[in-house]
Amino acid sequence: MDQDALEDIIKAGAVTREARQLGVGMIAEGVSLLSVAEETEAYIRKRGAKPAFPVNISINQVAAHYTPASNDKSTFRRGDVVKLDVGAHVNGYMGDTAITVEVGTRNWASLIDAPSRALSMAIEMMGEGVPVSAIGGTIERGIRSNGFVPIRNLAGHEIKRNNLHSGLSISNYDDGNTTKVHKDMLLAIEPFATDGAGEVDNAKAGNIYILQRDREIKDAGANRLFGIIKEKFGSLAFCERWCTAIDPKAPAHLRTLVRYGAIYAYPILTEAKGGMVSQAEHTILINGSRVQVTT
Ligand code: MN
Ligand code: MN
């Protein structure tokens, strides 16, 4: 691998890890979700990297894709099971990492341990030539050994430059995929465990977006914001908060852009049977028989 690319991957991983640690350290009863998201993203920028996507803070039955809006007043409550998912990039080379914590209680220790154990087991057996199906099988065994089930329609993924979900998809169960992991691949492994159905549904649209199609936008305000979005975020996910910081009318413009099919609003993903959800995630660089956890 190109030496500059390798250095960027290592730095992005380190910044992502530090940002995750800072964010998770802030989570406590009464603290606002907004302050955790914003301070975690500010840390990434301060370290000379950029967020690879808005900080996701997904609570209890919500598995992923929730980020607070600019006017979000909600705070963490005692007993919440919180997934903090953080990404940073340096020159388009990304790190992607997540952790689950419980606010002030210890009712879900085994659920929270399950994806973390599965992730360790997967990292342990990972290397050049290992088939994707074997990684998924290991993850599922790790989660089931704690008495929970994996979420089958959420998966790990290969990461390419400026493209967070690209190439290989790594299921959290044995999906029969005989494709083998090869040298220099950058992979995000992210087991999700639940006591529910083991599946997420799309609930309502959230505050996270991505460019979908270049369109002619007739509304002048929305068109101006669309130009800024294309230039500033390119192929990376962004959120209402970041747009409202640029243009106070952004919420209305974003709705217009969704209507045009110019941008896509990610739905908030919730457990299909209302189960509690935990997640762990690391980014891993395949370097021969050796694997390097960058986050
Ligand atoms: Mn993630
Ligand atoms: Mn990921």
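The values are calculated or read from the model by the stated rules, or taken from the named source; none is laboratory data. All of these numbers come straight from a predicted model, not from anything done at the bench. Please note: Cβ atoms are built from the backbone with ideal geometry, for glycine as well, and neighbour counts cover all protein chains shown.
Here are some notes:
- Taking segment 1-100 and the strands (runs of 3 or more DSSP E) fully enclosed by it, the elements with 1 or more residues that are in contact with a helix residue (DSSP H, G or I) (Cβ under 9 Å, 6 or more places away or on another chain) are at 56-59, 81-90.
- Taken together, the residues in segment 69-123 that are away from ligand 1 (no atom under 16 Å from the Cβ) and either basic (Lys, Arg) or free of Cβ contacts under 8 Å to residues at least 12 places away in the same chain (or both) amount to 7.
- Test: residue in segment 250-266 that is closer than 30 Å to residue 193 by Cα and within 16 Å of ligand 2 (Cβ to nearest atom): yes
- The residue pairs whose first member lies in segment 159-171 and is among the polar types (S, T, N, Q), whose second member is within 11 Å of ligand 2 (Cβ to nearest atom), and whose beta carbons are closer than 6 Å, counting only pairs six or more residues apart or on different chains, are 166/158; 169/155; 169/157; 171/155.
- Look at segment 218-236: where a residue is touching a residue at least 40 places away in the same chain (Cβ under 8 Å), no partner that is assigned to a helix (DSSP H, G or I) and among the small types (Gly, Ala, Ser) sits 6+ places away or on another chain with Cβ atoms under 6 Å.
- Taken over segment 245-295, the residue count meeting the criterion of being of a type in the set (S, T, N, Q) and within 25 Å of residue 201 (Cβ to Cβ) is 3.
- In segment 186-214, of all residues being more than 16 Å from ligand 2 (Cβ to nearest atom), in contact with a helix residue (DSSP H, G or I) (Cβ under 8 Å, 6 or more places away or on another chain) and outside any strand (DSSP E or B), the one that is modelled with the lowest pLDDT corresponds to 214.
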